[in-house]
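K.L.:
Below: one structure in structure tokens.
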Amino acid sequence: MPLSLPVRRVCARGACRRLVVGLSVALFVGLPAMSATAAEPDDPHLWLEEVQGEKALAWVRERNAESAALLTTQPFFEPLRAQLRAALDDRQRIPSITRIGAHVYNFWQDAAQQRGLWRRTTLEEYRQAEPRWETVLDLDALAAAEGENWVWKGSTCLPPAAGASAWTRCLLHLSRGGADAVVLREFDLQQRAFVAEGFRLPEAKSEVAWLDADTLLVGTDVGPGALTDSGYPRVIRRWTRGQPLAEAPVLFEAQNADVSASVWVDATPGFERVGLSRAIDFYRSEDFLWQPGPTPAGRLQRLAKPEDAQLSFHREWALLSLRSALTGPDGRTHPAGSLLVTRAQDLLAGQPRWEALFTPTATRSLDGWTFTRSRLLLTVLDNVASQVEALQWQPGADGSPETGRWTRRLLPLPGPGTLSLQALHDPTLRDDPLGEHYLIGYTDFLTPDSLLLGQGERDAPELLKQRRRYFDATGMRVEQRFATSRDGTRVPYFLVWPAGARADGDNPTLLYGYGGFEVSMQPWYSAAFGQAWYPRGGVLAVANIRGGGEFGPAWHQAAVKANKQRSYDDFIAVAQDLLRSGVTSPKRLGIMGGSNGGLLVGAAFTQRPDLFGAVVSQVPLLDMRRYHRLLAGASWMAEYGDPDRPEEWQWIGRYSPYQQLRADVRYPRVLFTTSTRDDRVHPGHARKMVARLRELGHPVLYYENTEGGHGGAADNAQRAHLLALEYSYLWLQLGARR
């Protein structure tokens, strides 16, 4: 199963990488009951928004017990749960790595380490079939010693000072139960221990960067006015070791209605920069460079760029990723989806000379990029298949910027499928031995993940790791098809056939989709589908609907706000194409989606209940009348609109699943899943939807995990249990192939 979380390009220090950020993030700490004054006056289920309310939790326990009584007693539940758990705990799966100094670090969970180990080794050792790992932090031991249900959320580490090479300090991000809100604690990498009296921030959704060994740039909750309406940091402070945080001078402030204020630090020698930004909404920002000045607040220089473009730096270069067309000073117009470059000094002087490094076409879009020491690596989608281009600046014969040019070549990498890149270059090192090295991940629906190591101009990357095969793909096949949406748009989708399946209308089929926040649904290898779905005759369809990023910003922007219904029209069109072409029948067709995808399947089954026999809605948005008042929902209004504006509620209300439920319509029995600790999409969405369906007399199933955050599970045992529940439900509803 793919991640159900949106992904956004985050550009800093010159690299643009794709990070899972969800539908934005909110503060969870001590979540109060929501004010009834903000609700629709006739909403009888408002009390279910009290996340930790005893009455609400008692209701959750009752619904969980009902679902467990039905699903865990299915004959295939327990064998499937055990099989999925074994796959999740498999010690031969690929350890994902991140470079920090001389080591590569990995976070690992298995049967023995349910909470997980943060560990490290060298790249040379990682090349071995069985690397020797050094434990840096045992999260199971820490949780037991402190009586906390810690979940790992990553680290923010201090680059070495000039002339040094060792990375010594990090801030560890520790979540209670998987929530996005984290505790930050300073950690010594050399001693492998927390720093006594070190930097520490209590549980919050914080923004943090190291300025130097004794100074942090911090945005967090320090009281009234510290957060935006969306629950993100609004104020960035310069916090010196030993100083009370509330007394730290303010460097930067966003507005209350903004999504957030953020900060980044580039420690590249000779190109040191500090960036500050206010996210006006999910897609627009104002960016600044900060420099120390005569006052503690220093000086800010606003960077000239379109609000909806993303700006990043790499050494002497500034890069601009466009979400709308831009006409440069030379009169040339660059279309949305382009990647432009100019000299950073020209940008700062207000005279950028933008040159296109990537220009989209009808089928090609930019998916991301990263820098090695001397190369820019672009990941490009062509009809939802990945390619990688390597670009390099070649100075002119006279060495002047005017006579140089960018050269490019297509790297010979596996395909068609999904490629991901990660540069290993440490820009703080002047002579980095891994400066031209980069990791390449490849996968597709039938090919297990592989991890390769590329280096400079070498054509043949080195195979580092290969995931084991979890299912026999002999006789299976993958197609890319196109459905025609209501307005005539051709919508691509992938179709994965199990061995021996044919288009006779009798195939249990699962249609998966997302369709929001410019997130692309690309092929992935799934042990869960391979063990729970394909062997019993299940067909998988993955829809590349508008609202996603498969064909660049225009594909996304075609289905936002007043046009959001197009996402649902596209998804329904794919479902109808599956029926028309004889792949399946309505009683055999199930749909699944999470987060924004949970809203997608909620809208699809309330609009066309006749098309589906099963629906799995994971950590969903459903009450679009109140989404902007629950947790960080205000930050998503650039995607959906503002329901408090009558003219916008007119189009939001037409698809909002919670408001569209009717007593006189026959719906398939739906399974809703969520987490008490989801501080991203409020569990009240799923709770209230289930309560309303029950009130109207419709059968419905519900499962709420007490941990897990927006991912739904905190460890492999919980993940296996949740997956087994979902697949047991699907087979119960759709039936195995006769």
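K.L.:
When the Debye formula is applied to the Cα atoms of the stretch 99-168, each taken as the same point scatterer, what base-10 log of I(q)/I(0) results at q = 0.17, 0.29 Å⁻¹?
P.N.:
These q points yield log10 I(q)/I(0) values of -0.73, -1.27.
K.L.:
Okay, which of the stretch 342-373 sit inside 14 Å, backbone N to the point 7 Å along the Cα-Cβ direction of Gln392?
P.N.:
Only 372-373 pass the distance filter.
K.L.:
Now, a different point. For the chain, what does the relative contact order come out to in percent, with C-alpha contacts under 8 Å and a separation of six or more?
P.N.:
It comes to 14 percent, rounded to a whole number.
K.L.:
How charged is the neighbourhood of Gly223? Take every other residue with its Cβ under 13 Å from the Cβ of Gly223, and add Lys/Arg as +1 and Asp/Glu as -1.
P.N.:
Value of the local net charge: 0.
K.L.:
Using a cut-off of 9 Å between beta-carbons, work out the net charge of the residues near Thr135 (Lys and Arg +1, Asp and Glu -1, Thr135 not included).
P.N.:
+1
K.L.:
Something else: Can you pick out the pairs among Lys55/Lys561; Lys564/Lys688; Lys55/Lys564; Lys465/Lys587; Lys205/Lys561; Lys205/Lys305 whose Cα atoms lie more than 31 Å from each other?
P.N.:
From Lys55/Lys561; Lys564/Lys688; Lys55/Lys564; Lys465/Lys587; Lys205/Lys561; Lys205/Lys305, over 31 Å: Lys55/Lys561; Lys55/Lys564; Lys465/Lys587.
K.L.:
For the stretch 470-606, taking Cα atoms only, what is the radius of gyration to one decimal and the Dmax to the nearest whole Å?
P.N.:
Cα-based Rg and Dmax for the stretch 470-606 come out at 14.5, 45 Å.
K.L.:
Among Val104, Ala141, Ala129, which residue has its Cα furthest toward the positive end of the charge dipole of the stretch 94-171, with +1 on Lys/Arg Cβ and -1 on Asp/Glu Cβ?
P.N.:
It is Val104.
K.L.:
In 5 Å bins starting at zero, report the fraction of Cα pairs in the stretch 185-241 per bin as a rounded %.
P.N.:
4, 18, 25, 22, 16, 8, 4, 1, 0
K.L.:
Scan the stretch 291-385 for GluC sites (Glu not before Pro) in coil per DSSP, keeping those whose Cβ has at most 16 other Cβ atoms within 10 Å, and list them by number.
P.N.:
Passing sites in the stretch 291-385 are Glu307, Glu316.
K.L.:
Pick out, from Ala279, Thr228, Leu510, the residue whose Cα sits farthest towards the positive end of the charge dipole of the chain, with +1 on the Cβ of Lys and Arg and -1 on the Cβ of Asp and Glu.
P.N.:
Leu510
K.L.:
On full extension of the chain, what length is gained from Leu579 through Ala362, given 0.36 nm per residue of separation minus the C-alpha to C-alpha distance?
P.N.:
Length difference between fully extended and current span is 75.3 nm.
K.L.:
Another question, if that's okay. Taking Cα atoms of the stretch 522-674, Rg/Rh with Kirkwood Rh, to two decimals?
P.N.:
Computed over Cα atoms, the ratio is 0.97.
K.L.:
Something else: Of all accessible surface on the stretch 485-590 at a 1.4 Å probe, what whole percent is carbon and sulfur?
P.N.:
Accessible surface attributable to carbon and sulfur in the stretch 485-590 totals 48 percent.
K.L.:
Using a 1.4 Å probe on the protein chains only, how many percent of the accessible area of the stretch 86-168 belongs to carbon and sulfur?
P.N.:
Here it works out to 49 percent.
K.L.:
Would you work out which of Leu366, Val690, Phe471 lies farthest towards the positive end of the dipole of the chain, given +1 charges on the beta-carbon of Lys and Arg and -1 on that of Asp and Glu, about the Cα centre?
P.N.:
Highest projection toward the positive end goes to Phe471.
K.L.:
Taking the C-alpha atoms of the stretch 187-305, how large are the radius of gyration and the largest Cα-Cα span, Dmax, in Å?
P.N.:
Using the Cα atoms of the stretch 187-305, the pair Rg, Dmax is 14.7, 44 Å.
K.L.:
A further question on this structure: Express the accessible area of the stretch 306-433 per residue in Å², computed with a 1.4 Å probe while the remaining protein chains stay in the model.
P.N.:
Accessible area per residue, the stretch 306-433: 43 Å².
K.L.:
Write down Rg/Rh for the stretch 445-495, rounded to two decimals, with Rg from the C-alpha atoms and Rh from the Kirkwood relation over Cα pairs.
P.N.:
With Rh from the inverse mean 1/r over Cα pairs, Rg/Rh is 1.21.
K.L.:
So what's the stretch 284-395 giving for Rg/Rh, alpha carbon basis, Kirkwood Rh from the mean inverse pair distance?
P.N.:
Radius of gyration over Kirkwood radius for the stretch 284-395 works out to 1.01.
K.L.:
Further question on the same structure: What is the extension gain from Glu307 to Glu272, computed as 0.36 nm multiplied by their sequence separation minus the C-alpha to C-alpha distance, in nm to one decimal?
P.N.:
10.2 nm
K.L.:
May I ask you to derive the FRET efficiency for Glu457 and Thr403 from their Cβ-Cβ distance with R0 = 22 Å, giving the value to the nearest 0.05?
P.N.:
0.45
K.L.:
Related question: Please work out how much accessible surface Asp367 shows to a 1.4 Å probe, ignoring ligands, DNA and RNA, in Å² rounded to 10.
P.N.:
About 10 Å², ignoring ligands and nucleic acids.
K.L.:
A follow-up question, please. Near Leu578, within a Cβ-to-Cβ distance under 11 Å, what is the net charge of the other residues, with Lys and Arg +1 and Asp and Glu -1?
P.N.:
Net charge in that neighbourhood comes out at +2.
K.L.:
Provide the convex hull volume over Cα atoms per residue for the stretch 393-435, in Å³.
P.N.:
Dividing the Cα hull volume of the stretch 393-435 by its residues yields 142 Å³.
K.L.:
For Asp644 and Lys561 in one chain, what is 0.36 nm times their gap in residues minus the Cα-Cα distance, to one decimal in nm?
P.N.:
28.5 nm
K.L.:
Please work out the Cα center distance from the stretch 667-699 to the stretch 162-189, rounded to the nearest Å.
P.N.:
Centre-to-centre distance over Cα atoms comes out at 36 Å.
K.L.:
Please identify the GluC sites (Glu not before Pro) of the stretch 429-463 that satisfy two criteria: DSSP loop assignment and at most 15 other Cβ atoms within 10 Å. Which are they?
P.N.:
Answer in residue order: Glu457.
K.L.:
For the ranges 562-570, 503-511, what's the packing order if you count other beta-carbon atoms within 10 Å of each residue, average per peptide, and put the highest first?
P.N.:
In descending order of packing, they fall as 562-570, 503-511.
K.L.:
Follow-up question, since we're still on this one. Can you send over the carbon and sulfur percentage of the accessible area for the stretch 300-366, probe radius 1.4 Å, protein chains only?
P.N.:
48
K.L.:
Kindly provide the trypsin sites (Lys or Arg not before Pro) of the stretch 266-367 that DSSP labels as loop, not H, G, I, E or B, and whose Cβ sees at most 12 other Cβ atoms within 10 Å.
P.N.:
Arg332
K.L.:
Give the distance, in whole Å, between the Cα centre of the stretch 256-284 and the Cα centre of the stretch 354-413.
P.N.:
Spelled out, the Cα-based centre of one part sits 25 Å from the other.
K.L.:
For Asp610 and Glu130, FRET efficiency with R0 = 60 Å and r from the beta-carbon atoms, rounded to 0.05?
P.N.:
That gives a FRET efficiency of 0.65.
K.L.:
Which FRET efficiency value, to the nearest 0.05, do you get for Ala58 and Ala145 by plugging their Cβ-Cβ distance into 1/(1 + (r/R0)^6) with R0 = 35 Å?
P.N.:
According to the calculation, E is roughly 0.65.
K.L.:
While we're looking at this one, here's another question. With a/c under 1.5 counting as rounded, go ahead and sort the stretch 624-695 into rounded, prolate or oblate using the C-alpha gyration tensor (a ≥ b ≥ c being the square roots of the eigenvalues; past the cut-off, prolate if a/b is larger than b/c, else oblate).
P.N.:
Taking the square roots of the gyration eigenvalues as a ≥ b ≥ c, the stretch 624-695 is oblate.
K.L.:
If you don't mind, there's one more thing I want to ask. Starting from one equal scatterer on each C-alpha and no solvent at all, send me the Debye-based log10 I(q)/I(0) for the chain at q = 0.07, 0.10, 0.12 Å⁻¹, two decimals.
P.N.:
Each listed q corresponds, in turn, to -0.48, -1.05, -1.61.
K.L.:
Mind checking the per residue accessible area of the stretch 57-176 for me, 1.4 Å probe, whole number of Å²?
P.N.:
46
K.L.:
Under 8 Å for C-alpha pairs, at least 6 residues apart: give me the relative contact order for the stretch 241-379, rounded to a whole percent.
P.N.:
It comes to 12 percent, rounded to a whole number.
K.L.:
Please compute the contact order of the stretch 605-738 in relative form: average sequence separation of alpha-carbon pairs under 8 Å and at least six residues apart, divided by the residue count, as a percent.
P.N.:
28
K.L.:
On the Cα set of the stretch 306-455, report Rg and Dmax in Å, please.
P.N.:
16.4, 51
K.L.:
Can you give the calculated 222 nm mean residue ellipticity of the chain, where each DSSP H run of n ≥ 4 adds -39,500 (n - 2.57) and the sum is split over every residue, rounded to the nearest 500 deg cm²/dmol?
P.N.:
When only DSSP H runs of four or more count, the value is -5000 deg cm²/dmol.
The values are calculated or read from the model by the stated rules, or taken from the named source; none is laboratory data. All values derive from a computational prediction rather than experimental measurement. When we count neighbours, we look across all protein chains shown, and the Cβ atoms used for this are built from the backbone with ideal geometry, even at glycine. For accessibility, only protein heavy atoms count, side chains too; no ligands or nucleic acids. Shrake-Rupley method; radii C 1.70, N 1.55, O 1.52, S 1.80 Å.
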